[in-house]
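A short worksheet on the structure shown next.
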């Protein structure tokens, strides 16, 4: 049944002939089973649902079964190899396409661990690229805020350094180490002390003002970095989900090609074996009986066609004779003339009524 033969004719053949076609049908059947498994796994990687995968896989398996059965059943044995090979060439091309479709999902399953390693490396690279791209959006503003904060801190530090220098200056003046070199708190000491006190007050004011600005800028910087981290976190699940069917096929293509090629050759051999067996096998008992059956059908149809043509030819001859014989009868001539006159009168009346409507 799976080989697409006429079971009534095959029952009349020898046991060996029946075993041959049972082998061809078994190959077709198990190819459909492999197609069902391959399609189910491929669809499971897409939908992540067992029931959906099995349902679509079953449909795909039946489709492949029907195609293979059709391919094998339409190859007719004529005893001429090249004629049969030419006849089977489109079917072999279709078998190659089917073999590729069946083999690819099974390759994904066989090399699953290696593919996962490639996908992990790709995900890590995508994660780094994602962080860099997001950083390009936020770095200008982050750098601006950090520059502003550092500028405020530097201005406070510069003022503190200025105060410290003035402090050292008036202390050195009091100790007689610099300036007038006189020990004691003279007029020069008081002048330098007053200058120090003025700058110290400016330092306190700058420190308070800058502290408020620095706190504000640091809050903005913190919020900006939190927003950046949130965007990275939100986009990470997309990268983690980068393991669909197309991603796995691309990852498989990055692996050495030779193992995948041999798996493809295996399925190609399985898929084309029924066709090649049909072509390479000699013309058997079933083929002779089937050819005899077709010849009888063709002869019968040809006879019926000839009979119909002769019947039509005879009928046309009889009709011609009948119409020729009645063409001379006056009664029929008068009747046809009367009907023609009535038809012309009716046409004239209709034309007159139509023109009257238009004029009115």
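The values are calculated or read from the model by the stated rules, or taken from the named source; none is laboratory data. This one's a predicted model, so the numbers in the text were calculated from it and none came from an experiment. Neighbour counts run over all protein chains shown; Cβ positions are idealised from the backbone, glycine included.
For the structure I just gave you, tell me whether residue 137 is closer than 24 Å to residue 261 by Cβ, out of contact with any strand residue (DSSP E or B) (no Cβ under 7 Å at 6 or more places or on another chain) and not assigned by TED's automatic domain parsing to the domain that holds residue 41.
Against the criterion (closer than 24 Å to residue 261 by Cβ, out of contact with any strand residue (DSSP E or B) (no Cβ under 7 Å at 6 or more places or on another chain) and not assigned by TED's automatic domain parsing to the domain that holds residue 41), residue 137 does not qualify.
Select from the range 253-296 the residues that are under 30 Å from residue 127 (Cα atoms), in a helix (DSSP H, G or I) and in contact with a helix residue (DSSP H, G or I) (Cβ under 6 Å, 6 or more places away or on another chain) and list them in ascending order.
Across the range 253-296, the qualifying residue is only 260.
Name every residue in the range 9-46 that is in contact with a helix residue (DSSP H, G or I) (Cβ under 9 Å, 6 or more places away or on another chain) and farther than 30 Å from residue 109 by Cβ, in order of residue number.
9, 10, 11, 12, 13, 14, 16, 17, 18, 20, 21
Can you tell which of 160, 194, 178 is over 30 Å from residue 224 (Cα atoms) and outside any helix (DSSP H, G or I)?
The match here is 178.
To keep it simple, each residue is scored yes or no on (1) assigned by TED's automatic domain parsing to the domain that holds residue 26; (2) under 27 Å from residue 42 (Cα atoms).
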position: 67; (1), (2): yes, yes
position: 86; (1), (2): yes, no
position: 105; (1), (2): yes, yes
position: 118; (1), (2): no, yes
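Within the range 19-53, which residues are surrounded by fewer than 17 Cβ atoms within 10 Å (Cβ to Cβ) and over 24 Å from residue 265 (Cα atoms)?
Scanning the range 19-53 gives 19, 46, 47, 48, 49, 50, 51, 52.
Which of (1) closer than 28 Å to residue 64 by Cβ; (2) within 25 Å of the chain's Cα centre (by Cα) is the odd one out, the single condition residue 281 does not satisfy?
The one condition residue 281 does not meet is (2).
Considering only residues that are more than 27 Å from the chain's Cα centre (by Cα) and buried (at least 16 other Cβ atoms within 10 Å of the Cβ), look in the range 118-137 and name the one that is farthest from residue 219 (Cα to Cα). I'd like the intermediate steps shown before the answer.
First, the residues of the range 118-137 that are more than 27 Å from the chain's Cα centre (by Cα): 131-132, 134-137.
Narrowing the set further to residues that are buried (at least 16 other Cβ atoms within 10 Å of the Cβ) leaves 131, 134.
Numbers: 131: 22, 134: 20 Å.
Once the filter is applied, the top-ranked residue is 131.
Quick one: how many residues across the range 294-351 are over 60 Å from the mean Cα position of the chain (by Cα) and closer than 30 Å to residue 76 by Cα?
Of the residues in that region, 0 qualify.
Can you say whether residue 348 is part of a helix (DSSP H, G or I) and farther than 30 Å from residue 11 by Cβ, as far as the supplied structure shows?
Yes: the conditions hold for residue 348.
So if I check each of 270, 206, 212, which one is surrounded by 16 or more Cβ atoms within 10 Å (Cβ to Cβ) and modelled with pLDDT of 85 or more?
Of the residues listed, the single one that is surrounded by 16 or more Cβ atoms within 10 Å (Cβ to Cβ) and modelled with pLDDT of 85 or more is 206.
Condition first: without any contact (Cβ under 8 Å) to a residue 60 or more places away in the chain and surrounded by 18 or more Cβ atoms within 10 Å (Cβ to Cβ). Can you find one or more residues in the range 63-86 that meet it?
Within the range 63-86, one or more residues are without any contact (Cβ under 8 Å) to a residue 60 or more places away in the chain and surrounded by 18 or more Cβ atoms within 10 Å (Cβ to Cβ).
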